[in-house]
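Read through the structure below, which is laid out as structure tokens, and then see the notes.
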Amino acid sequence: MAESQVPFAYTAADLAALRAGLSEDRFATYLTLAKGNQAHAFDLYLYNARLAKAFLYPLSVAEITLRNAIDELLVGQYGATWHTDPGLRAVLTVESERSLDKAIDRTRIAHPTIPRGQVVATLSFDFWSNLFRDEYDRPLWQRHLHAVLPHCPPGHTRPNVQTLVRDINRLRNRIAHHEPILKLDVSALYADIRRLVGYRCPVAASWVRHYSTIGAVMRTRPRAGAGHRFVDRCDARFQPVWAEQSLHDVMQAYRAAVPAIVCLDPAGGASALFCASDIVAFAAARAAEVEGLVSFADHTVADLLRSGLVGRWEAMDGDEPVARIVDRFTDALDLRGIVATQTVAGAVVVRGAVLRAHRRY
């Protein structure tokens, strides 16, 4: 699941529709973790989906590596057609034999000869995991565990591997059934997956670690205060100025880390949005007119605004969804920036700004 660079609007109607589609029971887990904040609950839901997707690659390597290793053992014990061998049937539990028969029946539909490789691929991870239960200790593992898993630490026995495989299988099943995994110790489970793969093949374990995206996804876990409103995403570090202020004073206070400059009206609202580059362009234009140097101290912010050199800007309610801000930048290609405002005690207050080049949204 690729994460969209454009935030979702999450209007009241959107939230109601999504909750109805997902079901209240399923959504309740995320809503509880988000302490009732619906937008944050959906952030957690999406994070859970990204995390589940990231686990698919390591889990696939673990499952395929393990089943091929066990297949090699069964071929050595019961022959190349172990899936139909009576000797193995005598060893399998009723549950395992039933799983094997289902896999054979499914394979027969497309492959009447029932090739072993297709049966191996059709069998679920539950089948392979169950082969590490106590019942299979004597027929399979007392003499063959370290042949199947040659890099298993000395002293490790079947119960140690059974616990490892069982926990990995439970994680796989939760992901397969779209259940939450964000409350699990996913770091430990990821380490377990690499450990199991490494017991069979250290190179494969290193390969998994090299290409896995689990660590990167874990670093994207959403913060509770991130929010989806414009005011939550705008840059609150704007530089406030006034129309009568000299450009010299503006440039003296300017800091590159605070690129947005907002001109405030007498009531505290926004009357313009511009950047230091606009002041430089204004100075260059005036210098060309007089064919000489221009002093910033001789010109005010009002002079700059009257020059027509300041680009288009807009003010929007800070409570608007961030997606609305993105839409405005998309629709108005000449829009330089947007100022976030909120009404407090009847007065409009500037909360921050976003420039097109910011990409803070």
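The values are calculated or read from the model by the stated rules, or taken from the named source; none is laboratory data. Keep in mind the model is a prediction, meaning the values are calculated, not measured. Using ideal geometry, Cβ is built from the backbone for each residue, glycine included, and neighbour counts are taken over all protein chains shown. Each accessible area value is taken on the protein alone, full model and side chains, heavy atoms only, with ligands, DNA and RNA left out. Shrake-Rupley method; radii C 1.70, N 1.55, O 1.52, S 1.80 Å.
Against the conditions (1) of a type outside the set (G, A, S); (2) in contact (Cβ under 8 Å) with a residue 40 or more places away in the chain; (3) out of contact with any His (no Cβ under 9 Å at 6 or more places or on another chain); (4) open to solvent by less than 30 Å² (accessible area, probe 1.4 Å), where does L335 fall short? Just the number, please.
(2)
Can you go through A80, A90 and tell me which one is open to solvent by less than 70 Å² (accessible area, probe 1.4 Å) and either small (G, A, S) or on the phi > 0 side of the Ramachandran plot (or both)? Talk me through it step by step, then tell me what you get.
On the way: A90 fails: open to solvent by less than 70 Å² (accessible area, probe 1.4 Å).
The match here is A80.
Are there any pairs with C-beta distances below 6 angstrom linking a residue in the stretch 304-319 that is touching a residue at least 12 places away in the same chain (Cβ under 8 Å) to a residue that is part of a loop (DSSP other than H, G, I, E, B) and not aromatic (F, W, Y), with the two at least 6 apart or on different chains, and if so which?
Final answer for the pair search is R312/D334.
Name the single residue, out of those in the stretch 159-188 being surrounded by 19 or more Cβ atoms within 10 Å (Cβ to Cβ) and without any contact (Cβ under 8 Å) to a residue 60 or more places away in the chain, that is farthest from D137 (Cα to Cα).
N169
When the residues of the stretch 110-131 are filtered to those that are over 22 Å from G79 (Cβ atoms) and at pLDDT 95 or above, which remaining residue is surrounded by the most Cβ atoms within 10 Å (Cβ to Cβ)? I'd like the intermediate steps shown before the answer.
Taking the stretch 110-131 first, the residues over 22 Å from G79 (Cβ atoms) are 110, 124-126, 129.
Of the ones still in play, those that are also at pLDDT 95 or above are 124-126, 129.
Values: S124: 17, F125: 19, D126: 14, S129: 21.
Per the criteria, the residue is S129.
Return a yes/no flag: does the stretch 238-254 have any residue that is loosely packed, with under 15 Cβ neighbours inside 10 Å, part of a helix (DSSP H, G or I), without any contact (Cβ under 8 Å) to a residue 40 or more places away in the chain and not charged (D, E, K, R).
yes
Restricting attention to the stretch 189-231, and to residues there that are assigned to a helix (DSSP H, G or I) and small (G, A, S), which single residue is most open to solvent (accessible area, probe 1.4 Å)?
So the residue we want is S206.
Give the stretch 302-327 a look and list any residue that's assigned to a loop (DSSP other than H, G, I, E, B), open to solvent by less than 40 Å² (accessible area, probe 1.4 Å) and either under 16 Å from R233 (Cβ atoms) or in contact with a strand residue (DSSP E or B) (Cβ under 6 Å, 6 or more places away or on another chain) (or both), or say none. Please lay out each step first, then the result.
First pass over the stretch 302-327, keeping only residues assigned to a loop (DSSP other than H, G, I, E, B): 307-311, 318-320.
With the extra rule that they be open to solvent by less than 40 Å² (accessible area, probe 1.4 Å), the set shrinks to 307, 310-311, 318.
Hits for the stretch 302-327 are V310, G311, G318.
Where in the stretch 1-89 are there helices (runs of 4 or more DSSP H), lying wholly inside it, with at least 3 residues that are among the aliphatic types (A, V, I, L, M), under 30 Å from F132 (Cβ atoms) and without any contact (Cβ under 8 Å) to a residue 60 or more places away in the chain? Write out each step before concluding.
On the way: elements: 12-22, 24-33, 38-78.
Once the helices (runs of 4 or more DSSP H) in the stretch 1-89 are filtered for at least 3 residues that are among the aliphatic types (A, V, I, L, M), under 30 Å from F132 (Cβ atoms) and without any contact (Cβ under 8 Å) to a residue 60 or more places away in the chain, what remains is 38-78.
Report whether or not R138 is open to solvent by 10 Å² or more (accessible area, probe 1.4 Å), in contact (Cβ under 8 Å) with a residue 12 or more places away in the chain and basic (K, R). First the steps, then the outcome.
Working: open to solvent by 10 Å² or more (accessible area, probe 1.4 Å): yes; in contact (Cβ under 8 Å) with a residue 12 or more places away in the chain: no; basic (K, R): yes.
Against the criterion (open to solvent by 10 Å² or more (accessible area, probe 1.4 Å), in contact (Cβ under 8 Å) with a residue 12 or more places away in the chain and basic (K, R)), R138 does not qualify.
Within the group A267, A285, A281, which residue is assigned to a loop (DSSP other than H, G, I, E, B), open to solvent by 20 Å² or more (accessible area, probe 1.4 Å) and touching a residue at least 12 places away in the same chain (Cβ under 8 Å)? Full working, then the answer.
Working: A285 fails: assigned to a loop (DSSP other than H, G, I, E, B); A281 fails: assigned to a loop (DSSP other than H, G, I, E, B).
Just a single option satisfies the conditions, and that option is A267.
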